[in-house]
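Written out below as structure tokens is the structure these notes cover.
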Amino acid sequence: MEGELFETSETLAEFLGSTQLLSESWKLCNLANTTAPHSLVVDQIEEVGYVAFSGVQSVIGDNLVAFEESSSSDGVSCSNGNGPFSSSCNREDGEEPAMVHSGFLNVFLNMYHSPIFRSQMEAMMNRSKAVIITGHSIGGAIASLTALWLLSSLQSFSSPLSILCITFGSPLLGNESLSKAILRERWGGKFCHVVSKDDLVPRLFFAPIASITSQLNYLLQLWQFSMTSPQLGQQLAMQLTEEARIEFYHYILSHVAAAAAAGGEGSMNSSYRPFGSYLLCSEKGAVCVENATAVVQMLHLMFITSSPNSIIDDHLKYGDVVAKISQQFLKSRSFTEGVLPGSSYEVGISLALEASGIVGQDLVAEHARECLKMAKQMGQRPNLNSANLAISLAKVTPYRAEIEWYKSLCDESDDQMGYYDSFKNRAGISKRDHKVNMNRFMLAGFWDKVIYMLETNQLPHDFHFRAKFVNASHFYKLLVEPLDIAEYYKTGMHKIKGHYLMHGRERRYVIFDRWWGNRKEGGEDNRKRSKYAGLTQDSCFWAKVEEAKDCLDKARSERDPSKLAQLWENMNKFEFYSSQLIDKKEVSKDVVAKNSSYSLWVEEWKELKYQLTQISYQFPGNLRGESSSFAFPRK
């Protein structure tokens, strides 16, 4: 394991360096900068579509704004289900919203609401197998937002279209919650940010911008004129004194250093945080890093060795950077230190250190070496964790087997209550019931740990598609969630919090629903069942039974005809739904047990409908709302 490369990020770097994707992307970015200010360039190379956003943009707004609070000029919110990020605004409980730079978001939204832009994108997606979204400078931030929109849109339906976002010298886009949301959606590998060792722009938002607004506006003018009118850009550059460059460099460096010193996840002083893979380039080559903490530290360490005279000019020299990256992967690199390391692990670290351009500077080089080691370890860890979880899954299988045995005993019991009601109505604490309850907690703990590891990027990007864990989580949900529902109603939590489906369902089950829905289907048995399922195929069936029971109970005393009609409609819907499941034999036999909650509800429902028929016959005006003086007799 120690001899492996830098996992996902290194694989991405090798892929980009060995193809024409980087050079084609930069060529179009350069074209967009010079010929399409405030716009974009679209191109098609065989089955790959390219969209390059110009770095020349008019940006209004410089604060962070939440996706769900932002709107375009015509007032269309991004969180109303119709906006570009409607499916990527979700966040964990207690987590602040995913936020992005308001100015960049406004630029994107103006494009998004343009019919021409939408038709261009739709046409390109229809004729492409892969789409490369790219941009230089501010155009890189717009490219990232466009990629997030496309990924969010494609998530709602099954599409083979591949999306990759490549940016050059892009400023940071959003906060830590945005970074976490991208990791949670497993989109980190869809973004590659190419950053020159001396480029100021990718480090800019680590510093408070308010105090340098005038200087920043001057630099934006300089860069944008240099893209569109090189002679005017050169004149502006000549007016920038060496003292001003040095002062600006040290101002940004101090804040990048503070961000790097803050260290771990969520502890950075800056509100902005990187996401995706960073291809960090120097005159010696390039190294690719994806761990956000390592990215920040490397952005700092490489910037320490920068020249104040080059931090502004290098923002416009990504053509040279791309050429050097291609050369790096076309020929083998030699060691400038003159000593060949003794292991393949050290070879990888030393090659990466050399590519970063900070070899030979003792203290900085040592920090960089440790940072790259940490990045490599973080890269290896997901696969190791996945292997360990497979072992842990085997260890918790006996807990599941004991619950299966318990279900079998309940289903065969003389009381004919079945699995759900036996657990819900258990009296006292028998050894068997206690054991089943403990197993329920043990399994919940295991699966909550799996979800935590996945969402904190400790597992491979495709973990939630792996059949072993998708199938195991689905079986767990079908087997154990009925017990959770039984416990919820047994302890009266529905009276305190409300019904289970809206107020009591554990988040892990919602996640497992999504895993199962997104699984790769094939070879499944779709024939009509000839006998009842081993487990009811709707794990929330008993929660719906409990809601139907509550509706029936309320209907007996309800005097408001409109409310009674709504209760009646709800019970009719449940009756239809449940009968469909039973007809298809997609329920376990405990559902139709003689004394199960469902069977008893069916009998009471029949009786209630009969009572309504009699009342309607004797007092027809009641159904027209002419009187509300009657009530059904309560049992």
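The values are calculated or read from the model by the stated rules, or taken from the named source; none is laboratory data. Since this is a predicted model, take the numbers as computed values, not measurements. Using ideal geometry, Cβ is built from the backbone for each residue, glycine included, and neighbour counts are taken over all protein chains shown. Just so you know, the surface numbers come from the protein's heavy atoms only, side chains and all, with ligands and any DNA or RNA stripped out. Shrake-Rupley method; radii C 1.70, N 1.55, O 1.52, S 1.80 Å.
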Residue identified as in a loop (DSSP other than H, G, I, E, B) and either among the aliphatic types (A, V, I, L, M) or in contact with a strand residue (DSSP E or B) (Cβ under 8 Å, 6 or more places away or on another chain) (or both) among 483, 478, 501, 535: 535
Quick one: which of 106, 126 is modelled with pLDDT of 90 or more and either crowded, with 24+ Cβ neighbours inside 10 Å or within 20 Å of residue 32 (Cα to Cα) (or both)? 106
Of the numbered conditions (1) under 26 Å from residue 60 (Cα atoms); (2) surrounded by fewer than 18 Cβ atoms within 10 Å (Cβ to Cβ), residue 154 fails exactly one; give the number of that condition. (1)
Can you tell me which residues in region 307-321 are touching a Phe, Trp or Tyr at 6+ places or on another chain (Cβ under 7 Å) and either open to solvent by 10 Å² or more (accessible area, probe 1.4 Å) or not in a helix (DSSP H, G or I) (or both)? 308, 311, 316, 319
With open to solvent by less than 70 Å² (accessible area, probe 1.4 Å) and in a helix (DSSP H, G or I) as the only criterion, which of 441, 446 stands out? 446
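Residue-wise test of (1) at pLDDT 85 or above; (2) under 20 Å from residue 193 (Cα atoms); (3) within 28 Å of the chain's Cα centre (by Cα).
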site: 6; (1), (2), (3): no, yes, yes
site: 10; (1), (2), (3): no, yes, yes
site: 40; (1), (2), (3): yes, yes, yes
site: 65; (1), (2), (3): no, no, yes
site: 82; (1), (2), (3): no, no, yes
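Residue by residue, here is whether (1) buried (at least 22 other Cβ atoms within 10 Å of the Cβ); (2) among the aromatic types (Phe, Trp, Tyr); (3) more than 15 Å from residue 296 (Cβ to Cβ) holds:
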residue: 173; (1), (2), (3): yes, no, no
residue: 185; (1), (2), (3): no, no, yes
residue: 198; (1), (2), (3): yes, no, yes
residue: 204; (1), (2), (3): no, no, no
residue: 208; (1), (2), (3): no, no, yes
residue: 215; (1), (2), (3): no, no, yes
residue: 223; (1), (2), (3): yes, yes, yes
Take the residues in region 533-578 that are more than 25 Å from residue 593 (Cα to Cα) and without any contact (Cβ under 8 Å) to a residue 12 or more places away in the chain; name whichever of them is most open to solvent (accessible area, probe 1.4 Å). 563
Hits in region 486-498 - residues which are assigned to a helix (DSSP H, G or I) and surrounded by fewer than 18 Cβ atoms within 10 Å (Cβ to Cβ): 487, 490, 493, 495, 496, 497
